[in-house]
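These notes are about the structure you will find just below.
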Amino acid sequence: MLWRGAAVLLGVCCATMARADDCLAYKLNPNVNITTPQWVKEVVQPLRPMDLLHGNVIATLDDNYDIIADITSIEDGFCVAIKSVNASVGYSNFLVQIDMRHSPYSCSYNAILAHEDGHIRAYLSVIDDFADELKTSVYAAADSITPIFVKNSSDISAAVDELNAELQAHPDLILIKQKINAAQEIRNKRVDQNDTGETLRRCFE
């Protein structure tokens, strides 16, 4: 009986694998569209003490991927493949913090805000410069993912979620995110290095 049960299990497994192989014929060359989100800037003066001579920028990087699936009905089920990927990748929010001892729109307030605006430009420039490489990475990831076989139409939504998870876990996407993070760190350090602080010092003379 044990051997018979194992044979039945093996048969089911092989049948599922065969159906998955059948789905390879329905793999598509995915279309990739990438946009950047509209960003906003908010300037606040926290109640907690800050460095009098330095502000701070908190940048929010969003990366959202929406998969459009191609569904093909085959014997005993459906093949779910990636047809296109609509991605939105970029900075959506910049929270600028300035010490409350600087009166709004005063000389020192404006000097610090101008410096923090330089950091915002650095963040945005990274996304612009990596646009082509980002699209290439998303395409490579999507193109490497094979269709999924499901037996029931009720399982299609879960299959699309699985495709999305596989896309976002792909090494090419992980690598490009690491490159973007590294580039923004370098550019933000450069903003600080290129600022002599002379504009702010003049405010206190």
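The values are calculated or read from the model by the stated rules, or taken from the named source; none is laboratory data. Because the structure is a prediction, the values reported are computed rather than measured. Reconstructed Cβ throughout: ideal geometry from the backbone, glycine too, with neighbour counts over all protein chains shown. SASA here: full protein model, heavy atoms, side chains in, ligands and nucleic acids out. Shrake-Rupley method; radii C 1.70, N 1.55, O 1.52, S 1.80 Å.
Observations on the structure shown:
- Virtual spin-label span in nm between ILE174 and LEU24, 7 Å along Cα→Cβ: 2.5
- Amide H contacts under 5 Å for TYR91: ASP62, restricted to partners 5 or more places along the chain or on a different chain, H placed in the peptide plane at 1.01 Å from N.
- Scanning the chain for trypsin sites (Lys or Arg not before Pro) in DSSP loops with at most 14 neighbouring Cβ atoms within 10 Å leaves 1-100 as the longest stretch between them.
- Per residue, the accessible area of the chain comes to 60 Å², computed with a 1.4 Å probe over protein heavy atoms only.
- Over region 165-205, volume per residue of the alpha carbon convex hull, in Å³: 64
- Label zone at ASP51 (point 7 Å along Cα-to-Cβ), backbone N below 17 Å, region 166-205: 185-201
- For ILE74, the residues 5 or more places off, or on other chains, whose built amide H falls under 5 Å of its own are CYS79.
- Extension gain (nm, one decimal) between ASN152 and PHE204, 0.36 nm per residue minus Cα-Cα: 11.5 nm
- A straight Cα-to-Cα reach below 30 Å connects LYS41 with the lysines LYS135, LYS177, LYS179, LYS189, residues fewer than 8 places away in its own chain not being considered.
- Taking the Cα centre of the chain as reference, the dipole from Cβ charges on Lys and Arg (+1) and Asp and Glu (-1) amounts to some 320 debye.
- Rounded percent of accessible protein surface that carbon and sulfur make up, region 133-179, 1.4 Å probe: 52
- Carbon plus sulfur fraction of accessible area for region 40-93, probe 1.4 Å, in percent: 51
- Annotation: amide H-H contacts under 5 Å for MET100 (H modelled 1.01 Å from N, sequence separation of 5 or more, or interchain): MET50.
- Dipole of region 60-142, positive direction: furthest Cα of ALA114, MET100, ALA87, with charges on the beta-carbon: MET100
- Of the chymotrypsin sites (Phe, Trp or Tyr not before Pro) found in region 42-108, those in coil by DSSP whose Cβ has at most 13 other Cβ atoms within 10 Å are TYR105.
- For a modelled paramagnetic label at ARG121, 7 Å from Cα along Cα-to-Cβ, the residues of region 97-112 in reach, with backbone nitrogen under 17 Å, are 110-112.
- Subtracting the Cα-Cα distance of THR60 and ASP129 from their residue separation scaled by 0.36 nm leaves 23.0 nm.
- Taking N as its residue count, the alpha carbon Rg of region 102-150 over 2.2 N^0.38 Å: 2.15
- SER84-ASN181 FRET efficiency (beta carbon distance; Förster radius 22 Å; 0.05 resolution): 0.25
- Once the Kirkwood radius over Cα pairs is known for region 58-205, the Stokes-Einstein relation at 10 °C and 1.306 mPa s delivers a diffusion coefficient of 86 µm²/s.
- Listed residues TYR123, ILE156, GLN168: farthest to the positive end of the dipole of region 121-205 (Cβ charges): TYR123
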